[in-house]
Amino acid sequence: MPISAVVGKRELMQAYEEVFVSGTFGGETLSLAAAIAVIDKIKSRPVIETLWQTGKNLGDSVHQAITAQGLEKIISISGYPPMQSLAFFDHPNASADEIKTLFVCLMLEHGVLTIGNHNMMYAHSSSDMDFVLKAYNTVLDRIDNELKRPGLAQR
């Protein structure tokens, strides 16, 4: 839903008293209603706490899976728990870009659409996290096996 605001220092904003400002969605109120509904949900439920806890659990589990495969010099995870990113590093048998491409393709084959980021949502369930972690474990095992053979780009 589109929503925006024009903001600035008081002396700059006073200029808007002299001009008419409009935008494409100037009269559109559905986005305002949606924004209010989101704010109400954040106030009435443990949304923020859940995002942090779910993100921490997922990030910790992914870090453990990376370490278990011995890939911690090739793949790392960082960021705040609600929004973490993977970083990929060169390996003697493949570049970082080749490894990331393999990761993205394999995760998609296992039903997880990602570019290597975790953007947590309040709607994510424990079964969602189990599904993602199962894909991670399978994909990281495959990446480990592929990196043991030279020439990933030629395959």
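The values are calculated or read from the model by the stated rules, or taken from the named source; none is laboratory data. Treat the numbers as computed from the prediction; the structure is a model and nothing was measured. In this analysis, Cβ positions are derived from the backbone assuming ideal geometry, glycine residues included, and neighbour counts consider all displayed protein chains. Accessible surface is based on the protein model in full, side chains and every heavy atom, while ligands, DNA and RNA are left aside. Shrake-Rupley method; radii C 1.70, N 1.55, O 1.52, S 1.80 Å.
Note down the net charge around His63, summing +1 for each Lys or Arg and -1 for each Asp or Glu among other residues with Cβ under 15 Å from its Cβ. Local charge sum for His63: 0.
Computed over protein heavy atoms with a 1.4 Å probe, the accessible surface of segment 42-140 works out to 59 Å² per residue. For segment 40-146, the tally of Lys pairs with Cα-Cα distances below 24 Å comes to 8, considering only residues 8 or more apart or on different chains.
Each helix, a run of at least 4 DSSP H residues, gives -39500 (n - 2.57); summed and divided by the residues of the chain, these come to -16500 deg cm²/dmol at 222 nm.
The angle between the Cα long axis of helix 126-147 and the longest principal axis of the Cα atoms of the chain comes to about 40 degrees, rounded to the nearest 10.
Highest mean packing comes first when the peptides 104-116, 38-50 are listed by Cβ atoms within 10 Å, giving 104-116, 38-50.
Shown here is the pair-distance distribution of segment 95-152: with all Cα-Cα distances grouped in 10 Å bins from zero up to the longest one, the shares run 21, 51, 22, 6, 0 percent.
Across the chain, the relative contact order, built from alpha-carbon pairs under 8 Å that are at least six residues apart, equals 21 percent. Annotation for segment 44-124: trypsin sites (Lys or Arg not before Pro) lying in DSSP loop with at most 15 further Cβ atoms inside 10 Å of their Cβ are Lys73. Within the accessible area of segment 76-143, what % is carbon and sulfur when the probe is 1.4 Å and the other protein chains stay in place? That share works out to 59 percent.
Estimated translational diffusion coefficient (Stokes-Einstein, Kirkwood radius over Cα pairs, 10 °C, 1.306 mPa s) of the chain: 85 µm² per second.
Normalised by residue number, the volume inside the convex hull of the Cα atoms of segment 72-125 is 87 Å³ per residue. Convex hull volume of the C-alpha atoms in segment 1-92, normalised per residue: 189 Å³.
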